[in-house]
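Data first, discussion second: the structure below is written as structure tokens.
The values are calculated or read from the model by the stated rules, or taken from the named source; none is laboratory data. The structure presented is a predicted model; accordingly, all values stated were derived computationally and were not measured. Note that we place each Cβ from the backbone using ideal geometry, even for glycine, and neighbour counts take in every protein chain shown.
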Amino acid sequence: MEYIQTVLVQIQATMTDEASRPQGLLAALDEHRSFLEQQPGFQDMRVTRSINPEGNVLLVIETHWSDDNSLVEYETREPNVSSIINQHQDLIVADSLQVLDMEALRTASGRPADEATEATERLALPLLIPLGIMAFALLVIYGLSRIYLEVSNEVATGMAAGIALGIMFVAWYIASRPSVPGWQIGSITVLAATVLAGGTIFSIVENDEGEASGEEPAAAASPDDGAAADGAPGSLAVSLGDNFFEFDGETEPAIAVAAGEEITIDLTNDGLAIHNMHIAGTDNEFGDAICELGGEEPCSDPDLFQAGDTGSITFSFDEPGTFIFRCDFHPAEMIGTIKVQ
Ligand SMILES: [Cu+2]
């Protein structure tokens, strides 16, 4: 932050030459610069005046300070810009002396940044700050969740309580002090980030090793990706429509399953009519006109689906082959096949 004392004063039109002569006001101000350079916190002095060939001349004297204490210190003792001007009362327009203490909002040293940079900053900061905070929060959530997953429940609870207490302590420490030096905030941030990053990396490495050595069972195949094609165990879902079976986007589906495994297909009647699912026996014939649960051939449970009903069908085939299935209520159009591999 930079603090600026701005002194405004008008020199009478008839006195401008007088002010400019050696030993005049301007020379005195120039000389004052070497005094200023001895003062703690002093950074720069700039004297400007309005370009006005006729009439009174506005003189602006800015002194720049690194902190407000230095500025106040300087202002309350003589010599200072005001006292020097007051020694030249005869030159100035009565009551035209004004002293303003100002605080620079940007810490740019002297020269303002070019407009392009400024525009970029104005546009980018409102986006970057929230995005940065969000990314940081996500990293914290991800990191902590990895760590919590790796440790036992009791340890995780203890850790969460410890972290909460730690955050409260740091917040209390910062809030209870009028100002906290940057290095302390920096140290706290670096420490927290290091612990979090270290713990996260440790958890990930630990977890990978666990998976590699088979300590943890591989995740079950997800319901609808490749389970059917691979014949891997997993739940399959078939929709009953008016009047078709729909599976994987097909309306006369061929459903691949593995031989010798018990397969369960989830069923939903998404149509308005009644339906069921009846799979042919090993002879690929339908023994019953309408199948029954517990009968000779695989039959859906329930054996009659009203609109909106959900249920399933469970079956297994020991030998590879292709077996037909149908809805007993719409056997001509509502059909499909089970491919046992
Ligand atoms: Cu049907």
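At a glance:
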read-out: The one condition in (1) farther than 19 Å from Ser235 by Cα; (2) more than 15 Å from the ligand (Cβ to nearest atom); (3) among the charged types (D, E, K, R) that Glu261 fails to fulfil; value: (1)
read-out: Pairs where the first residue, in the stretch 46-74, is in the same structural domain as Leu29 (by TED's automatic domain parsing) and the second is of a type in the set (Asp, Glu), C-beta under 6 Å, 6+ apart; value: Arg46/Glu62; His64/Glu2; His64/Asp44
read-out: Residues (modelled with pLDDT of 85 or more and exposed (fewer than 13 other Cβ atoms within 10 Å of the Cβ)) located in the stretch 161-182; value: Ala161, Gly162, Ala164, Leu165, Ile167, Met168, Phe169, Ala171, Trp172, Tyr173, Ala175, Ser176
read-out: Lone qualifier among Arg46, Arg77 - being farther than 20 Å from Thr16 by Cβ and at pLDDT 90 or above; value: Arg77
read-out: Any chance Pro253 is in the same structural domain as Ala237 (by TED's automatic domain parsing), within 15 Å of the ligand (Cβ to nearest atom) and out of contact with any Phe, Trp or Tyr (no Cβ under 8 Å at 6 or more places or on another chain); value: no
read-out: Selected residue [within 17 Å of Thr189 (Cα to Cα) and in a helix (DSSP H, G or I)] from Leu149, Leu128, Leu165; value: Leu165
read-out: Subset of the stretch 25-82 [out of contact with any Leu (no Cβ under 7 Å at 6 or more places or on another chain), of a type in the set (Ser, Thr, Tyr) and either assigned to a loop (DSSP other than H, G, I, E, B) or closer than 13 Å to Leu8 by Cα (or both)]; value: Thr48, Ser66, Thr76
read-out: Hits in the stretch 83-106 (condition: among the hydroxyl-bearing types (Ser, Thr, Tyr) and touching a strand residue (DSSP E or B) at 6+ places or on another chain (Cβ under 6 Å)); value: Ser96
read-out: Positions within the stretch 321-341 being within 16 Å of the ligand (Cβ to nearest atom) and either assigned to a loop (DSSP other than H, G, I, E, B) or closer than 15 Å to Ala273 by Cβ (or both), in sequence order; value: Arg326, Cys327, Asp328, Phe329, His330, Pro331, Ala332, Glu333, Met334
read-out: Subset of the stretch 311-324 [within 16 Å of Val238 (Cβ to Cβ) and under 51 Å from the mean Cα position of the chain (by Cα)]; value: Gly311, Ser312, Ile313, Thr314, Phe315
read-out: Pair list, Cβ < 9 Å and 6+ apart or interchain, from the stretch 306-334 residues that are over 12 Å from Asn243 (Cβ atoms) to residues that are small (Gly, Ala, Ser) and within 14 Å of the ligand (Cβ to nearest atom); value: Ala307/Gly271; Ala307/Ala273; Gly311/Ser300; Ser312/Ser300; Ile313/Ser300; Ile324/Gly336; Phe325/Gly336
